[in-house]
Structures are given as structure tokens and as C-alpha cells.
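Participant: Provided herewith is a single structure, encoded as C-alpha cells, for subsequent inquiry.
The values are calculated or read from the model by the stated rules, or taken from the named source; none is laboratory data. This structure is a prediction, so every number in the text was calculated from the model and none was measured. A quick note on method: Cβ atoms are made from the backbone with ideal geometry, for glycine too, and the neighbour counts reach across all protein chains shown.
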Amino acid sequence: MVRGFSRINADFYGSKMNLLYEEETYLIIGAAMTVHQELGRGFLEAVYQEALEKEFKLRDIPYKREIPMTIYYKNEPLTKCYIADFICYGKIIVELKALSTLTTEHQAQVLNYLAATRLKLGLLINFGKSSLEHKRIINEKSALIRANLRTIEDDIRD
């Protein structure tokens, strides 16, 4: 990764980058855009969540809504769990907001969910503005852990 480059807003740099789960992300964001075009802004998050679920069904996007996700601490599962707005394709956390602005705290929340659940990609989608706002958030720790494990495994084999 290039020093100083944030993967949170990787979409900004366009097609020159290989994006994680690019096709799936495109389909999820397209569904969210349709919901936003139909409803506009100003509703509670729960309204957008219900409408997005209907749009996922119409588009045959596999999802689970409000399912408990196990959180790990030092490789041990905790009894408290995180309830995701959606998990799409069994691997992408979709966190919805209906706010006038997103903050770094909202991004950090999704990043924490990713780290705690060991998933790689989260989408933070905000219906609260005149145009749909979305951010891709990558769990860099999972990639680093896997790279370190591969290095350790290579050392063991040698």
C-alpha cells in the first residue's frame, strides 16, 4: 500500500485499481441508489433498511438482515455480538445511516465491525443527503494477518 493513501475512499481513483469484491459492491450501491432516488432523503434509517431489503430481493442480491455477528477478543468469541444492518454475499458488511453528514467515527465504527468479525469489506451508506453517500472500508488488518501467517508458514517449511 502506498504511504499516505487511504483505502477507505479507493473508489475515487477509478478503474485503475483492483477493488475488493468490485462487482458485488457495484450491485449493492446500485440498489441503494435506486432506493435513494425513489425515497429521497429525510426518512429514518429503518425505512431505508426496509426499502433496501426489497430492492435486494428484486435484484437477487444475496443478503441477511440484522443477523448477530460474533465478535472476537484475543481469538476468543465474546457473548456480546454486533448486529449488522446487512451482510451481503456472505462477506460484505453494509451499514446504513440517514444523517446530514458522515464522520470519521462512523467510518471507525465499520472498521471496528470488520476487525471484530474478521470480514474484509464494509460499505457505509448514507441516505441523509441530497445525493447518496457511500464509502468502501477495507479491513487492512485481515490482509496483514494473512500475509504474516504466510511468511511464518514459509519459514516453518524451510
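Participant: If you scan segment 82-119, which residues turn out to be assigned to a loop (DSSP other than H, G, I, E, B) and closer than 14 Å to Met69 by Cα?
Facilitator: Restricting attention to segment 82-119, the residues satisfying the condition of being assigned to a loop (DSSP other than H, G, I, E, B) are 84-85, 89-91, 98-103, 118-119.
Result: Ala84, Asp85, Gly90, Lys91, Arg118, Leu119.
Participant: Filter segment 19-48 down to the residues that are part of a helix (DSSP H, G or I) and charged (D, E, K, R), then identify the one that is farthest from the chain's Cα centre (by Cα). First the steps, then the outcome.
Facilitator: The initial filter retains those residues of segment 19-48 that are part of a helix (DSSP H, G or I), namely 22-39, 45-48.
Imposing the further condition that a residue be charged (D, E, K, R) reduces the set to 22-24, 38, 45.
Numbers: Glu22: 12, Glu23: 14, Glu24: 11, Glu38: 23, Glu45: 16 Å.
Within segment 19-48, the match that is farthest from the chain's Cα centre (by Cα) is Glu38.
Participant: Which one of these is modelled with pLDDT of 95 or more, over 15 Å from His134 (Cα atoms) and over 18 Å from the mean Cα position of the chain (by Cα): Lys16, Lys54? Working first, answer last.
Facilitator: Values: Lys16 fails: modelled with pLDDT of 95 or more.
None of the other options fit; the residue is Lys54.
Participant: Right, another one. Take segment 49-81 and flag every residue that is within 17 Å of Ala98 (Cβ to Cβ), among the acidic types (Asp, Glu) and not in a helix (DSSP H, G or I). Give the derivation first.
Facilitator: Here is the first cut: in segment 49-81, the ones within 17 Å of Ala98 (Cβ to Cβ) are 49-55, 65-66.
Then keep just the ones that are among the acidic types (Asp, Glu); that gives 50, 53, 55, 66.
If the condition is that a residue be within 17 Å of Ala98 (Cβ to Cβ), among the acidic types (Asp, Glu) and not in a helix (DSSP H, G or I), then Glu66 is the only one that fits.
Participant: Also, I was wondering about something else. Considering only segment 71-83, state which residues are in contact with a helix residue (DSSP H, G or I) (Cβ under 7 Å, 6 or more places away or on another chain) and either surrounded by 20 or more Cβ atoms within 10 Å (Cβ to Cβ) or over 19 Å from Glu45 (Cβ atoms) (or both). Don't jump to the end; show me each part of the working.
Facilitator: As a first pass, look at segment 71-83 and keep what is in contact with a helix residue (DSSP H, G or I) (Cβ under 7 Å, 6 or more places away or on another chain): 71-72, 82.
Passing the criteria: Ile71, Tyr72.
Participant: Return the total of residues in segment 87-107 being over 20 Å from Thr25 (Cβ atoms) and surrounded by fewer than 17 Cβ atoms within 10 Å (Cβ to Cβ). Give the derivation first.
Facilitator: To start, the set of residues in segment 87-107 that are over 20 Å from Thr25 (Cβ atoms) comprises 98-101, 103-105.
From the residues that got through so far, the ones that are surrounded by fewer than 17 Cβ atoms within 10 Å (Cβ to Cβ) too are 99-101, 103-105.
Selection size over segment 87-107: 6.
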